[in-house]
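Chemist: I'd like to ask some things about the structure below.
The values are calculated or read from the model by the stated rules, or taken from the named source; none is laboratory data. The structure displayed is predicted, hence computed values, not measured ones. Using ideal geometry, Cβ is built from the backbone for each residue, glycine included, and neighbour counts are taken over all protein chains shown. For the accessible areas, the whole protein counts, side chains as well, though only heavy atoms, and no ligand, DNA or RNA atoms are used. Shrake-Rupley method; radii C 1.70, N 1.55, O 1.52, S 1.80 Å.
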Amino acid sequence: MTEKLYGFVAFDTTYKSKISMSIQLGGPTLYYDPHFVSGARIGIRSLNGKWRANLFATNLFDEHFPVALFPASGTINVITSERTFRQIGISLDFNF
């Protein structure tokens with residue numbers, strides 16, 4: 001018996017308005033501009049929904065947004081994390 005497969009394509013986006021990023025109490029309030037963060041997936045899944053395989057990208061357009069901003073010696077330091085960069089991977093899901 002051959003199992004039928006379904007293909008799928010998905011796209012998501014999140015709009016983030018102006019965000020207060022200051023981490024120093026009593027210091028100036030620093031903001032990061034409004035921006036979009038988008039992702040996409042393309043893959044296949046089984047007819048009965050028992051498994052799914054897909055190629056995905058998070059932060060598709062590589063928007064390097066900070067986690068925090070703080071002033072130091074006349075400059076503004078930026079703290080980022082790995083979630084602020086584009087990530088591409090493969091996902092395999094199994095349901096029991």
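Chemist: Give the residue that is farthest from the chain's Cα centre (by Cα), with candidates limited to residues of the range 74-96 that are surrounded by fewer than 10 Cβ atoms within 10 Å (Cβ to Cβ) and under 30 Å from residue 46 (Cα atoms).
Modeler: Looking at residues that are surrounded by fewer than 10 Cβ atoms within 10 Å (Cβ to Cβ) and under 30 Å from residue 46 (Cα atoms), I get 96.
Chemist: Restricting attention to the range 17-28, does a residue exist that is assigned to a strand (DSSP E or B), loosely packed, with under 13 Cβ neighbours inside 10 Å, touching a Ser or Thr at 6+ places or on another chain (Cβ under 7 Å) and among the hydroxyl-bearing types (Ser, Thr, Tyr)?
Modeler: yes
Chemist: When both residues are 6+ apart or on different chains and their Cβ atoms are under 6 Å apart, which pairs have a first residue that lies in the range 64-91 and is within 17 Å of residue 39 (Cβ to Cβ), and a second that is open to solvent by 80 Å² or more (accessible area, probe 1.4 Å)?
Modeler: 84/64; 90/55
Chemist: May I pose another question? With respect to residue 59, determine if the residue is at pLDDT 80 or above, open to solvent by less than 90 Å² (accessible area, probe 1.4 Å) and of a type outside the set (D, E, K, R).
Modeler: Criteria met by residue 59.
Chemist: For residues in the range 1-52 being among the β-branched types (Val, Ile, Thr) and in contact with a Phe, Trp or Tyr (Cβ under 6 Å, 6 or more places away or on another chain), which is modelled with the lowest pLDDT?
Modeler: 23
Chemist: While we're looking at this one, here's another question. Determine if the range 73-86 includes at least one residue that is in contact with a strand residue (DSSP E or B) (Cβ under 6 Å, 6 or more places away or on another chain) and of a type in the set (Asp, Glu).
Modeler: no
Chemist: Also, I was wondering about something else. Right, residue 83: of a type in the set (Lys, Arg) and not in a strand (DSSP E or B) or not?
Modeler: Yes.
Chemist: Here's a follow-up. Give the range 4-16 a look and list any residue that's under 11 Å from residue 41 (Cα atoms) and surrounded by 10 or more Cβ atoms within 10 Å (Cβ to Cβ), or say none.
Modeler: 8, 10, 11, 12 - these are the residues of the range 4-16 that are under 11 Å from residue 41 (Cα atoms) and surrounded by 10 or more Cβ atoms within 10 Å (Cβ to Cβ).
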